[in-house]
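The values are calculated or read from the model by the stated rules, or taken from the named source; none is laboratory data. Fair warning: this is a prediction, and the values are worked out from it, not measured in the lab. For neighbour counting, all protein chains shown are included, and Cβ atoms are generated from backbone atoms with ideal geometry for every residue, glycine included. Note: areas computed on protein heavy atoms with side chains; ligands, DNA, RNA excluded. Shrake-Rupley method; radii C 1.70, N 1.55, O 1.52, S 1.80 Å.
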Amino acid sequence: MKINKTILDFQLQEDKKAYTELVLTNTTDQIVSFKIKITTPDLFTVKPSLGIVNQNQDTLISIITNTPIPDDFENNKFLIQFAQFPQDGILQTFWKQKDLVILQQEKLPCKIVARDKKRKMSLEDQQEIIRLQKELDEQYQKNQEEYDRLKKEHSDLKIIQQSILQKQKLLKEDSRISEIHLILAGVVGFVFSYLFI
């Protein structure tokens, strides 16, 4: 397993709370479960603190403090443990096993990002969000245009299909009428031949 950070660099928010993100990457050919432990669990909300990561997949972990950070904040540490997860495993009971084998564990210290750096990063983040939002809007517009085009094609095909079915119905009716005419002609011929014998 790969963790994208060796130190949890928390960004200080305006309300004195702190926030960070963490990415776990499964570089193995097995399904791996993770569990995150904290020295002061009441101080943090971790989502998710427990989960699984499929082969060659990533999982984003968000961490935020529940209260304004205390003076000894940087004394906190996070322990991330990894274990192979079976195909038929149940996550809720998996980590309660007494004979569970830990494949890997990493201990990450906490650090508060300086305020000026935080503001600079926030500006960059806002610009990135605007850029991504623009790309999403453009992609949405393209998808909407494609959807409208396909919808029109479907409608046109439906009209053509109905027209073909209608023509087939008329042809069947014409065929039946022709058959009736032939039968009537045969009957009339038979009657006339009978009368003049």
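Going 7 Å from the Cα of L165 in the Cα-to-Cβ direction, what parts of the range 137-159 have a backbone nitrogen less than 18 Å from that spot?
Zone members listed by number: 153-159.
Can you classify the range 59-172 as rounded, prolate or oblate using the Cα gyration tensor, where a ≥ b ≥ c are the square roots of its eigenvalues, rounded means a/c under 1.5, and otherwise it's prolate if a/b beats b/c and oblate if not?
Details: a/c = 5.71, a/b = 1.89, b/c = 3.03.
Since a/c reaches 1.5 but b/c is at least a/b, the shape of the range 59-172 is classed as oblate.
Could you pull out every one of the lysines with an alpha carbon less than 23 Å from that of K172, ignoring same-chain neighbours closer than 8 positions?
K158
Determine the relative contact order of the range 49-120: mean sequence separation of Cα pairs under 8 Å and six or more apart, normalised by residue count, in whole percent. Before the final figure, lay out the partial values.
Numbers: 48 pairs, mean separation 27.1, N = 72.
About 38 percent, as a whole number.
In the range 1-108, what percent of the accessible surface is made up of carbon and sulfur (1.4 Å probe, ligands and nucleic acids excluded)? Could the numbers behind the result be given before it?
Details: 3070 of 6470 Å².
Roughly 47 percent, rounded to a whole number.
Strictly over 27 Å apart at the Cα level, which of K17/K107; K47/K107; K16/K77; K35/K111; K2/K111; K17/K98 would you flag in this model? Show your work: numbers first, answer last.
On the way: K17/K107 22 Å; K47/K107 18 Å; K16/K77 19 Å; K35/K111 21 Å; K2/K111 20 Å; K17/K98 36 Å.
Over 27 Å Cα-Cα: K17/K98.
Could you derive backbone 3J(HN,Hα) for the range 146-155 from the dihedral phi with the Karplus parameters 6.51, -1.76 and 1.60 (θ = phi - 60°), listing whole Hz in sequence and x where the residue is Gly or Pro?
Values, residue by residue: 5, 4, 4, 5, 5, 5, 5, 4, 4, 5 Hz.
Between T59 and I112, what is the FRET efficiency for a Förster distance of 25 Å, r being their Cβ-Cβ separation, to the nearest 0.05? Before the final figure, lay out each step's value.
Working: r = 24 Å, r/R0 = 0.98.
It comes to 0.55.
Pop out the ³J(HN,Hα) list for the range 19-34 in order, Karplus 6.51 cos²θ - 1.76 cosθ + 1.60 with θ = phi - 60°, rounded to Hz; leave Gly and Pro as x.
So the J values, rounded to whole Hz, are 9, 8, 10, 9, 10, 9, 10, 8, 9, 9, 9, 10, 6, 10, 9, 10.
What is the set of long-range amide H partners of F44 at a cut-off below 5 Å, with H atoms built 1.01 Å from backbone N?
N66
How about K151: which lysines have a C-alpha closer than 19 Å to its C-alpha, ignoring those fewer than 8 places off in the same chain?
K142
Once amide H atoms are placed 1.01 Å from N in the peptide plane, what residues at a sequence separation of 5 or more from L103, or on another chain, have their amide H within under 5 Å of its amide H?
HN-HN under 5 Å from L103: F82, A83, Q84.
Which order do the peptides 41-49, 154-162 come out in when sorted by mean C-beta neighbours inside 10 angstrom, highest first? Walk me through the numbers on the way to the answer.
Working: 41-49: 14.6, 154-162: 10.0.
Ranking, from highest mean packing down: 41-49, 154-162.
If you count, for each residue, the other Cβ atoms within 10 Å and average over each peptide, how do 62-70, 78-86 line up from highest to lowest? Numbers along the way, then the final one.
Values: 62-70: 14.8, 78-86: 17.1.
My ranking of the peptides, most packed first, is 78-86, 62-70.
Normalise the Debye intensity by I(0) for the range 2-85, one equal point scatterer per Cα, no solvent, then take log10 at q = 0.11 Å⁻¹ and round to two decimals.
The calculated log intensity ratios at q = 0.11 Å⁻¹ are -0.31.
When ligands, DNA and RNA are left out and all protein chains stay put, how many square angstrom of accessible area per residue does the range 1-109 have with a 1.4 Å probe? Walk me through the numbers before you get to the answer.
Numbers: 6520 Å² over 109 residues.
Accessible area per residue, the range 1-109: 60 Å².
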